[in-house]
Each structure stands twice: as structure tokens, then as C-alpha cells.
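The values are calculated or read from the model by the stated rules, or taken from the named source; none is laboratory data. Being a predicted model, the structure only gives us computed values, none of them experimental. Positions of Cβ are backbone-derived with ideal geometry, glycine not excepted, and every protein chain shown enters the neighbour counts. Just so you know, the surface numbers come from the protein's heavy atoms only, side chains and all, with ligands and any DNA or RNA stripped out. Shrake-Rupley method; radii C 1.70, N 1.55, O 1.52, S 1.80 Å.
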Amino acid sequence: MTTAASARLIGELTFPEVSERLRATSILILPLGSIEQHGPHLPLNTDAVLAEGIARLIVGKWGEAFDLWQLPTISVSLAHEHEWAPGTLSLSVAGMTAYLHDLGRAIAKSLPTRNLMIVNGHGGNRGILEALTRELRAERGLNICVLHPASYAGAAADGSVPEIHGGRNETAMMLAIAPHLVRKDRISSLKNPPDTDKIRDTILQRGVTWPWHSDEEGLFDTGIGGDPAAATAAFGQQIVIRVVETAGDVLKQLLQRPRA
Ligand SMILES: [Zn+2]
């Protein structure tokens with residue numbers, strides 16, 4: 001990813017520029033990734049690369065219109081479900097809670113705006129974010145929302161393989177955003193998840209939640225829940241464009257929310 005001079009990165013400002021350039025109406029964009037196994041064909045930092053890449057594109061498209069400013073990416077988050085795999089790094093629930101509270105406090109203390117959109121690259125963060133954003137709103141006065149890019153991928157073309165992790169959708173987005181990181185030669189040897197009913201019962205059904213993990217017998221294959229062989233850069237581009245376009249409406253809604 002290249003960094004343009006007008007990248008609107010908080011980290012590239014000097015301290016006087018923070019007061020000169022940001023206002024109470026500015027919106028902060030926080031990419032939130034994860035460092036976790038994504039099968040043998042995608043790197044550990046897939047979720048961080050996608051969150052940061054999509055955040056950069058959102059800032060590129062809407063930065064002037066909404067006065068967006070990108071915060072440094074949080075790369076390590078909650079990934080207990082993948083901890084069986086070497087290289088997966090996970091915070092504890094308590095650690096992540098403390099981290100986001102501290103960051104919320106720092107934002108409220110050191111930046112002129114309370115508007116914050118998190119771009120969440122990791123589905124495993126969804127639950128904790130739903131709970132924590134309420135606290136951050138109530139206790140830190142943040143006007144906050146979370147955008148989940150993976151939710152804009154749409155249903156699988158044939159509907160037969162549920163897309164959970166490292167499959168068609170994530171691989172396609174990586175082919176669009178960071179193709180040099182995709183081990184394309186590894187994809188042909190991968191199998192689809194062995195039991196799609198088990199995925200639906202264990203992960204997708206809304207009536208019960210299970211603390212599943214991605215090396216569970218019969219659930220995924222080689223850490224992958226989805227169909228990476230069906231991934232194309234063009235499909236990845238479609239998803240990313242949809243997310244970036246949608247972000248305009250989300251940012252507009254964020255500014256219309258009742259004040260915290
Ligand atoms: Zn991922």
C-alpha cells in the first residue's frame with residue numbers, strides 16, 4: 001500500500017498540526033486487524049492488511065467530504081479460536097477491553113473530535129465490539145460505530161460453501177488489495193470445509209452460540225472455512241468497492257447520531 005502525501009494519517013501529523021487541522025466534526029478511522037492463521041495460502045496479518053487497506057481507500061474516497069483522519073492500525077486483537085496455529089497472537093478479553101478503553105480515554109484527552117469509525121477486519125471481534133462500543137460511548141463520550149467489511153461480501157455464488165474464514169471472500173479481497181501476499185500455488189491443494197451442516201450449526205445459527213475453534217474435528221479444513229479456489233481479484237475488487245461506497249452512508253449516519 002502506498003502512502004500519499006495527503007494520506008490523512010494521524011501519526012504523520014506534528015502536534016501543532018493536530019489542533020490546526022482537526023475539528024470537533026472530524027471523524028477518526030481506526031483499522032482493527034488480527035494476527036492469526038488464515039490457512040496455508042494467506043498471511044497471519046490478513047485481517048490487519050484488509051482493515052488498513054480498506055480504511056485507506058475509505059479515507060481516499062471520503063476524506064475531504066467528511067474530514068477523515070486515520071488512526072494507527074491495531075494489529076493484534078482477539079483470536080483465541082485460532083490459537084492452535086503457530087503465529088496466532090491473541091489478547092485476552094480483559095486485555096482487549098483494557099486496550100480499547102485506554103485508547104478511548106487517549107482519544108478523548110488528546111484529539112479534538114469524539115467521532116470514531118472502527119473498520120473491523122476480524123469477525124472474532126464482533127461480539128466484544130458490540131459490548132465495548134456501548135461502554136466507550138457512555139463512559140468516554142465517543143460517537144462510535146463499527147464497519148465490518150466481510151459482511152458486504154454477499155452470499156456464495158452457488159450457496160453451497162459457507163464463507164467463514166480464509167475462503168473465497170477473504171482471499172479475493174487479498175488478491176485485490178495485497179496480491180503479493182497471497183500464496184497462489186497453495187490454493188489448489190486446499191479442500192472445502194468437510195461438513196457444511198456442522199458449520200451452519202456451530203457458527204452460523206443464531207439460536208445458540210458455541211466457543212468453536214478452527215481446528216475442531218470436521219469443522220474446517222487446514223484452518224479454512226470457505227472456498228479459496230473460487231477467489232478472484234475482480235470479485236475482491238467488487239467487495240471492496242461496495243464497502244467503500246457504503247462507508248459514505250455510514251459516515252453520514254454517524255454524524256447524525258444523538259450525541260453521546
Ligand atoms: Zn481473516
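Points to keep in mind about this one:
- Surface listing: GLU64, GLU36 arranged by accessible area from highest to lowest gives GLU64, GLU36, probe 1.4 Å.
- Sparse-neighbourhood loop sites, trypsin sites (Lys or Arg not before Pro) in the stretch 98-206 - DSSP loop, at most 13 other Cβ within 10 angstrom: ARG183, LYS191, ARG206
- Where the chain is the region considered: accessible area per residue in Å², 1.4 Å probe: 48
- Net charge of the neighbourhood of LEU50, taken over other residues with C-beta under 13 Å away and scored Lys/Arg +1, Asp/Glu -1, is -3.
- For SER92, the solvent-accessible surface computed with a 1.4 Å probe is close to 60 Å², ligands and nucleic acids excluded.
- Cα shape, the stretch 106-166, gyration tensor, a/c 1.5 rule: prolate
- Counting protein heavy atoms only, the stretch 1-64 has 56 percent of its accessible area on carbon and sulfur, 1.4 angstrom probe.
- Straightening the chain between ALA7 and LYS191 buys 62.3 nm, computed as 0.36 nm per residue apart minus the Cα-Cα spacing.
- For the chain: Kirkwood Rh in Å [reciprocal of mean 1/r, alpha carbons]: 19.0
- Listed by chain and number, the lysines whose alpha-carbon sits under 23 Å from that of LYS61, ignoring those within fewer than 8 places in the same chain, are LYS252.
- Remark: relative contact order (the chain) = 22 percent; criterion is Cα-Cα distance under 8 angstrom and separation of 6 or more residues.
- Placing +1 on the Cβ of every Lys and Arg and -1 on the Cβ of every Asp and Glu, with no other charges, gives the stretch 121-190 a dipole of roughly 140 debye about its Cα centre.
- Carbon and sulfur %, accessible surface of the stretch 154-260 computed with the full protein complex present, 1.4 Å: 50
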